[in-house]
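The values are calculated or read from the model by the stated rules, or taken from the named source; none is laboratory data. Quick caveat, the model's predicted, so the values are computed rather than measured. Please note: Cβ atoms are built from the backbone with ideal geometry, for glycine as well, and neighbour counts cover all protein chains shown.
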Amino acid sequence: MNGIITDIQHASVHDGPGFRSVVFLKGCQMRCFWCHNPETLQTMPRLSLENSKCLFCGRCAAVCNVHSFADGKHLIDYSRCSLCGRCVRACLPGALSVCGRSVTVDEVIDDIAEDMPFYKNSGGGVTVSGGEPGCQAEFTAGILKCCRELGIHTAIETNLGYGENTLNTLLEYCDLVMADLKHIDPEKHQQGTGCSNLQTLEHLKKITKPLILRTPVIPGFNDDDETIRQMAAFAAGLPSLLYYDLLTYHPLGVAKALRLGMTERGSALEPLGPEAMRRFADIAKSTGVTTYLNGKEI
Ligand code: SF4
Ligand code: SF4
């Protein structure tokens with residue numbers, strides 16, 4: 001079985017317990033305006049240009065007229081790129097690459113199995129992230145099933161914005177669910193992500209696997225006392241919740257988006273400072289829910 005991934009990251013300490021290998025899948029049904037992994041939004045691979053490495057030598061344009069130069073800028077007409085890779089091979093400083101590749105479940109398992117000693121010693125395992133694992137549910141389930149057979153702890157990072165069949169497919173071999181709740185208000189959620197939160201809210205109430213609920217606190221979107229309080233109160237009532245984690249927005253996604261020519265995602269928000277985040281965490285904790293701030297209990 002094949003899937004499309006952007007990367008497999010090793011020894012991560014941010015995506016579940018212990019040292020973990022994280023498989024980043026391509027494809028997501030949401031379009032959060034602050035997305036910090038915009039390279040995973042589209043399902044298919046895409047040409048990436050790292051401007052700081054480009055010497056404007058013109059070797060890419062010599063092999064393909066998708067590349068051009070104007071006003072000191074390197075332009076790429078993505079609508080005509082067939083991802084043949086000729087320009088990537090022609091680019092000596094490595095400014096060009098293809099973001100995304102097709103891999104089999106076996107290839108993923110071969111890669112992550114190398115870290116078995118780390119999983120065992122640290123209480124870690126494998127996390128399938130994205131993008132959204134629900135967009136490649138069978139592939140995700142294939143990875144989780146093989147991990148389970150090898151005795152590796154399994155987790156997914158998901159927005160839960162899909163139907164019940166997809167949820168059941170993802171959960172069958174999953175030991176831990178790390179789910180995002182981006183806004184409690186359906187209309188605001190729709191405005192900020194392009195999708196309703198109704199499936200997310202319904203699934204959260206039904207999940208029986210250990211659950212970590214996380215909210216990225218986004219300036220101008222969900223960073224007000226009442227919204228945080230309502231989300232924390234909702235979290236407090238979830239049957240499988242381990243804890244509720246508030247995450248500070250960071251603007252890393254902007255540079256990644258620009259490398260992929262996604263200029264509509266080219267402006268960063270001002271991140272909230274530690275004091276503001278601590279205040280929101282205190283508000284969350286006042287509802288009685290076990291509260292974490294950026295992965296640490298308060
Ligand atoms: S071949 Fe590489 S370094 Fe040369 S212009 Fe193209 S992207 Fe820039
Ligand atoms: S990947 Fe192929 S089609 Fe796309 S820009 Fe490079 S040479 Fe042209």
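Points to keep in mind about this one:
- Just so you know, in the stretch 120-162 the residues that are of a type in the set (S, T, N, Q) and surrounded by fewer than 20 Cβ atoms within 10 Å (Cβ to Cβ) include one that is modelled with the lowest pLDDT, and it is Asn121.
- Given (1) surrounded by fewer than 21 Cβ atoms within 10 Å (Cβ to Cβ); (2) within 14 Å of Val289 (Cα to Cα); (3) not charged (D, E, K, R), index of the condition Leu213 fails: (1)
- Any hit, the stretch 178-200, residues being under 19 Å from Leu247 (Cα atoms), among the acidic types (Asp, Glu) and in the same structural domain as Ile109 (by TED's automatic domain parsing): yes
- Residues in the stretch 45-89 that are of a type in the set (Lys, Arg) and near ligand 2 (Cβ under 8 Å from one of its atoms): Arg80, Arg86.
- Qualifying residue in the stretch 66-82 (condition: aromatic (Phe, Trp, Tyr), surrounded by fewer than 16 Cβ atoms within 10 Å (Cβ to Cβ), under 27 Å from Leu269 (Cα atoms) and outside the structural domain of Gly16 (by TED's automatic domain parsing)): yes
- Residues considered: Ile218, Ile184, Ile228, Ile212. Of these, the only one that is touching a residue at least 12 places away in the same chain (Cβ under 8 Å), β-branched (Val, Ile, Thr) and touching a Ser or Thr at 6+ places or on another chain (Cβ under 7 Å) is Ile184.
- Test: Gly134 is within 16 Å of ligand 2 (Cβ to nearest atom) and not aromatic (Phe, Trp, Tyr): no
- Residue match in the stretch 114-127 (condition: of a type in the set (A, V, I, L, M, F, W, C) and closer than 30 Å to Arg86 by Cα): no
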